[in-house]
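The structure appears below as structure tokens.
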Amino acid sequence: MSVMQKDMTIEQKERLETIRHSTSHVMAEAVLKLFPGSKVAIGPSIENGFYYDFELTRPITQEDLPVIEKEMRKILSSNKEFQRKELSREEARAMFADQPYKLELIDGLPEDATISIYNQGDFTDLCRGPHVCSTKEINAQSFKLMKTAGAYWRGDVERPMLTRIYGTAWEKPADLKAYLDMLAEAERRDHRKLGREMDLFHIDEDNPGEIFWHPNGWMIYSIIRDYVREKIRKDGYVEVNTPFVMPRSLWERSGHWAKYKENMFITESEKRLFALKPMNCPGHVEIFKSRLRSYKDLPLRMAEFGSCTRNEASGALHGIMRVRGFVQDDAHIFCTEEQIPSEVKKFCHLLKDIYKDFGFGDDKISVKFSTRPELRVGDDATWDRAEAALAEACTQAGLEYTLQPGEGAFYGPKLEFTLVDALGREWQCGTIQADFQLPAPDRLNAEYVGDDNAKHNPVMLHRAVLGSLERFIGILIENFAGAFPAWLHYQQVAVIPVAPAFNDYAQKVAASLEEAGFRAEADLSNDRMNAKIRLAQTQKIPYMLVVGEKEEADQAVAVRFRDGRQQQVMKLADFTAYLQENVSKHSVEL
């Protein structure tokens, strides 16, 4: 949902969607006037705006968009009514005889479907509506055309490539300005841009969706992984590692081969098919089954920083936010049905504790409870028990949640934890899912011996806190605009001598901080002091220690804070103690 739409009433959101849909029709009219003979496809409202797909008589560029906007404003000034009319199939086909994409849409409608059109002046479009009453309800200063892109007709690579024009529309000019300002700030924070500037990572265009981590980025990655590793160790998890390549037979038994095969990379060896694992669940069940388990072993919390690969479409990839190769902070809790509430409650406390250290307090977390989808496995009685157990866990953990009926996984209900970043954008990260199906006899048949000496199937709780580490780091980059908290930054301190004569002292300061466990470097390059400070600021290093004759004599440092606070002189020992307290508390402030 748009950052600016979160607090709107349902009626306000519906009106805004109607304005956007109507604006897309105005854009289509303008395009047909400017490019006679073009073919129109579809033009829906979407989050934050609208688009319309065209087969144009000539290619267009970004420079054409202001011309189209000008024509749209001319149309709006004429105050045309949107008029709805219902037609028979034959009438509709005759009306759109020269528009092949509309004819295909008409032919695809059910026999008993109502076919409607909307007119605004001389422009007519096949549409079910709704629309505003008149073009005067669209403010001529409250919309903007944003970009063009290629789009296959109906998303099919075998069909024609159309030109998609995106736009945004709002009720008031002030709303448009606020949205455009937010986009400008989001662009400033773009993790791909900052990733280059801070030398964190790169992605080769010949190897889409796979990340090359540079030393700076890998340092942040390792800090986060090691932090989570220590947190879960203290919370009672055992860490495992499962094969990256596993046989087709396992994926068939788990059900992934039938339901997820198109997203898996498949390879062959010795006339057998294998898949690069897209998730870790089946491997964890195999470890559980490797020996006879007792009810006394439960709950068994099994964690893995599992390297997964998914065959995502290249068009869906986005920096390090959406990739093909990634690592999950994955874990599966094998437990009895009675243990579900306490284990989910325990997980929620762990999740909140971890999020807090990354700067996401309770006011930045929302919870969604997704229940049984229409297409699912398992009987209703099992789903009743699973949903009741998750609801009880929420009660015990004091969680408030929004219900999402029908949005659960095909094998069980789930809780989704969404973070709100510095721009108010929402990111779904953590999740816990109650699965009665994968360990069942007709799947992977995980068993334990109960206190009645009979064999039982455990419940499997799938859970992640960060989700994909790669995506989470992308979220952090944009949330902090690259200015990571000191405990997370790849370099916590830059020591800058005022002149080459003080290089030795700068090295001693950096070595002292390194020995105390901090990430510090002395800049001994030939650049002038101001250039070194600017470089450290570009890298968003939390602390810059400037040292010269007086600092060396007093065994002190002149501290410059990244956030622009006044420089202050501190004894090196005092600064070390200050930094130790800040880092040990995982503070997000300097």
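Observations
- Options 193, 102; residue that is more than 30 Å from residue 325 (Cβ to Cβ) and of a type outside the set (Gly, Ala, Ser): 102
- One residue from 253, 301, 291 being open to solvent by 30 Å² or more (accessible area, probe 1.4 Å) and part of a helix (DSSP H, G or I): 253
- Residues in the stretch 494-538 that are open to solvent by less than 50 Å² (accessible area, probe 1.4 Å) and in a helix (DSSP H, G or I): 12 in all.
- One residue from 345, 289, 271 being of a type outside the set (Val, Ile, Thr), farther than 29 Å from residue 479 by Cα and modelled with pLDDT under 95: 271
- Positions within the stretch 457-469 being farther than 17 Å from residue 256 by Cα and touching a helix residue (DSSP H, G or I) at 6+ places or on another chain (Cβ under 8 Å), in sequence order: 458, 459, 461, 463, 465, 466, 469
- Residue match in the stretch 152-173 (condition: at pLDDT below 95, surrounded by 15 or more Cβ atoms within 10 Å (Cβ to Cβ) and hydrophobic (A, V, I, L, M, F, W, C)): no
- Residue, most open to solvent (accessible area, probe 1.4 Å), within the stretch 539-590, restricted to residues that are part of a loop (DSSP other than H, G, I, E, B) and small (Gly, Ala, Ser): 564
- Residue match in the stretch 541-552 (condition: at pLDDT 95 or above, among the small types (Gly, Ala, Ser) and more than 37 Å from the chain's Cα centre (by Cα)): yes
- Residue list for the stretch 449-469, filter: open to solvent by 20 Å² or more (accessible area, probe 1.4 Å) and either among the aromatic types (Phe, Trp, Tyr) or over 16 Å from residue 293 (Cβ atoms) (or both): 468
- Matching strands (runs of 3 or more DSSP E) fully within the stretch 375-438 where at least 2 residues are surrounded by fewer than 14 Cβ atoms within 10 Å (Cβ to Cβ), among the aliphatic types (A, V, I, L, M) and at pLDDT 95 or above: none
- Positions within the stretch 26-74 being among the small types (Gly, Ala, Ser), open to solvent by less than 20 Å² (accessible area, probe 1.4 Å) and within 21 Å of residue 136 (Cα to Cα), in sequence order: 28, 30, 43, 49
- When each of 333, 354 is tested for being touching a residue at least 60 places away in the same chain (Cβ under 8 Å), more than 25 Å from residue 296 (Cα to Cα), in contact with a Lys or Arg (Cβ under 7 Å, 6 or more places away or on another chain) and not in a loop (DSSP other than H, G, I, E, B), the lone residue that passes is 354.
- Residue satisfying condition, being among the aliphatic types (A, V, I, L, M) and over 38 Å from the mean Cα position of the chain (by Cα), within set 536, 506: 506
- Qualifying residue in the stretch 94-116 (condition: in contact (Cβ under 8 Å) with a residue 60 or more places away in the chain and on the phi > 0 side of the Ramachandran plot): no
- Checking residue 79 against (1) touching a residue at least 40 places away in the same chain (Cβ under 8 Å); (2) in contact with a helix residue (DSSP H, G or I) (Cβ under 7 Å, 6 or more places away or on another chain); (3) surrounded by 15 or more Cβ atoms within 10 Å (Cβ to Cβ), the condition it does not meet: (3)
The values are calculated or read from the model by the stated rules, or taken from the named source; none is laboratory data. All values reported here derive from a predicted model rather than from experimental measurement. Neighbour counts run over all protein chains shown; Cβ positions are idealised from the backbone, glycine included. These area figures cover heavy atoms from the full protein model, side chains too; ligands, DNA and RNA do not enter into them. Shrake-Rupley method; radii C 1.70, N 1.55, O 1.52, S 1.80 Å.
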